[in-house]
Each structure stands twice: as C-alpha cells, then as structure tokens.
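The values are calculated or read from the model by the stated rules, or taken from the named source; none is laboratory data. Note that the structure is predicted; figures quoted are calculated from it, not measured. A quick note on method: Cβ atoms are made from the backbone with ideal geometry, for glycine too, and the neighbour counts reach across all protein chains shown. SASA here: full protein model, heavy atoms, side chains in, ligands and nucleic acids out. Shrake-Rupley method; radii C 1.70, N 1.55, O 1.52, S 1.80 Å.
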Amino acid sequence: MRSIGELARASGLTVSALRFYDRSGVLVPARVDPVTGYRWYADEQVVPARLVAGLRRVGMPLAEIAAAVRHRAEPAVVGRLLDAHLRRLEDGLTDARRELSRVRALIDHEEHPMTTRLVLSRADLAAAIDAVRFAVGTDPELPVLSGVLFDVAADGVRLVATDRHRMAVARVPGTVDGPTRRLLAPVALVDAVRELLAGTGDGSALLGGTGDGGTVPGGTGDGVRELSGVDGGADAHLRLDGAGLTVAVAGREVGGAALPDEFPDYQRLLGTRVPAYRITVDVPALRAQVAGRPPARVLRHEGVDVPVTVLGLDDAGGLRVLDDAAPADAAPDAVRFGVNGRYLLDALDAGDRGQLLLELDGPITPLAVRRPDDADAYSILMPIRL
C-alpha cells in the first residue's frame, strides 16, 4: 500500500488534489485508516492517478475525467472523450486568437486609423445580402441585432444576421486590402446597398424612405452619389473605416455610419459537430407542405402567436411535415423537431434553390438549412421544445 504522499510523488498530483479526487469519487483510496483517517492506495491505482494528472493538466472537466477513469479499459470510449476535449481546446484557441486580433485592431485603430478596402463580385454580394436579410432582428430593445455584421477576413467577408431565434450566414470571397475588421451595418444601409447592387437604388432606403435628403439616425450619407472616374462592371468596391461602410458600384456610391454596438460572438453557434441527419429536400415541395397545412400547434410567446411546424422522418429516411407534435403511430425514439413555421419558410425562400440540405440531431438542437453548392451560406433555426 502507498501513502497519499507516495502516490502524489508517483503520479504528479498534489496531496490536496488527491484529497479532492477522493471527495469527488474519482480516485477513492483502497483503504482509509478508521483511527487516523490516513488514506492508503494500492499499487494498481498509480496508473489511474497518472491518467487523472494528465487530463487535469489539459483542463478536462471533472465529469469527463471521472468517465475516462471508469472506462480506462475501453480505449475507444476514452478516445472519444479525448477527441471531444481536443476539439473544445482548438475552438477555444481559435476564439482566443480572434479576440486578441480584435483587441490589437482596436489598439492599432486608435493610434493609426486605417481603412479596409474590398473588391467583391456584385452578384455574390447581392446574393449574400439576400441570404441573411430575413434574419435581422426588429426588437427595439435589442438594437445590436438590428443590422448585418460584416466580418472581414483576409480573403473576403462574411455577412451575419440574427434575431436570437434564427441566424443566417453567408460568405463572399474577394480581394482585401487592409486589416481585418468587423463592422455592424444598420439594416437601412444594407437595404440601400442591395438596391445599389441591383441598379435600382435612389438612396430611399438609406434616407429612411423620404427621398428628400433626410438621413436615418446615425447615417452619414445623402443618398446615392454619382462618382466620376469609377469604372462600372461586375465588381462592388467596399470601404470600411472607423466611421462606417461605403459601397461603390458602376460609378454610384452609398454609405453610412456603423452601429456602435458589439455584435454577439456568432462563431460559438457555428460549431464543428457532425449532424445525425443530413437530408436533401425539394424546396417547392417542402414549402407547399409547410404553407399548405395548419401548424401542429400554436404557442403564445411574448404576446405573439407562433405557428409550430413539426418535422419528422419517413420510413425511407426522408423529411416529412407532421400534423401532430406526437402522432399516435410514432415510435418512442422517433425523430421529431419543432420550429417556427414562418421562420422555416423564410429560410427556404432565402435559400433560393430547388434543393437544400437540412441538418438536424435531436429535438433541442438547432436546425441548419444549407445550400448543397455553397458550404458558407446557411441559416440556423432555434428549436421549439415539443
């Protein structure tokens, strides 16, 4: 038998850590002296203690350390635990790098204000705005969600919008000159840019619909401006700086101030999980099913009626819309997923494709709606518990 001090030296754990893992039920001594209270450990407990020490050093949560000790004779089980923790560490490192880059950009901007310029495909930028516009929030108490995030990377820009219940993401590749940055564009400015890209804009969206020179709160533009010396064509030229966003297309330009709020960290919602089901759906057929039948139920949420559409799987593994949240013929473990029917229709329309991919797991996991030909354009719908 080994004393607690001897096991500490053999395993790399401190004496206080061994006491903690005893109280937690992870490393229970083989014997505790009933008179002195001294803990004694068997030789075969050295390896589990070293396992705990290693997992502790890499920050694995206590519950998973306990599971690894219990299943240490099952390499496949422990391997899955290690893989999951490694993914968490990698995601955390990615988050930390992004936050530190943002901090550096804030410091650099204060001392050396810089402008970032992008050249993007006009058609691709228009498609990206169409893919995310439906998810912009309208709650006046959450102004941070009332715009579209332009998250500029070294090879293009990602557009993101969310109203808490759904999120839409699209990416536009392009040429970037300047530092990476994030800018939250108010929805009026985004709508003005979309009109400009279509060649139909007169600045009314940016001007709050007045057309007489008034600007939206915080705006800096005075409608669409005609530019000299700017080539027309298929490209959109974006300029982002401390003041806001300016977009020029075919000799015309709109611009406006950014929202002052910090957009939520949407990256945490994207994840790297592999969904249990990836189902190709015919968009017109699914849209007809959702729109053409009454919802499975209607919930009252914050004073608004929410139509709940329930999705399930048919015998062939395809998607079907259920008339009842809990059909009598359903197996106990049948997949059923509740979602706001109006939001699902919006996501299908924004997909603008004959076919889309729907990814789902269980009833409390977000539903992802993806384009089969564009991995960077998709929306996420929050589930409704059935």
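Yes/no per residue for (1) within 19 Å of the chain's Cα centre (by Cα); (2) within 21 Å of L196 (Cβ to Cβ); (3) of a type in the set (K, R):
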residue	(1), (2), (3)
R97	yes, no, yes
R117	no, yes, yes
A128	yes, yes, no
E141	no, no, no
D155	no, no, no
A161	yes, yes, no
M167	yes, no, no
G174	no, yes, no
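Residues that are in a loop (DSSP other than H, G, I, E, B) and either at pLDDT 80 or above or more than 25 Å from R164 (Cβ to Cβ) (or both) were ranked within segment 237-261; the one that is least open to solvent (accessible area, probe 1.4 Å) is G251. Tell me, yes or no, whether segment 218-234 has at least one residue that is open to solvent by 20 Å² or more (accessible area, probe 1.4 Å) and modelled with pLDDT of 75 or more. The answer is yes, given that some residue of segment 218-234 is open to solvent by 20 Å² or more (accessible area, probe 1.4 Å) and modelled with pLDDT of 75 or more. Among the residues of segment 262-276, the ones that are open to solvent by 80 Å² or more (accessible area, probe 1.4 Å), touching a strand residue (DSSP E or B) at 6+ places or on another chain (Cβ under 7 Å) and either part of a loop (DSSP other than H, G, I, E, B) or modelled with pLDDT of 85 or more (or both) come to 0 in all.
Filtered by the rule that a residue be at pLDDT below 85 and of a type in the set (A, V, I, L, M), segment 340-376 gives L360, I364, A375. Screening segment 352-386 for residues that are in contact with a Ser or Thr (Cβ under 8 Å, 6 or more places away or on another chain) and over 22 Å from V306 (Cα atoms) and picking the one that is most open to solvent (accessible area, probe 1.4 Å) gives Q355.
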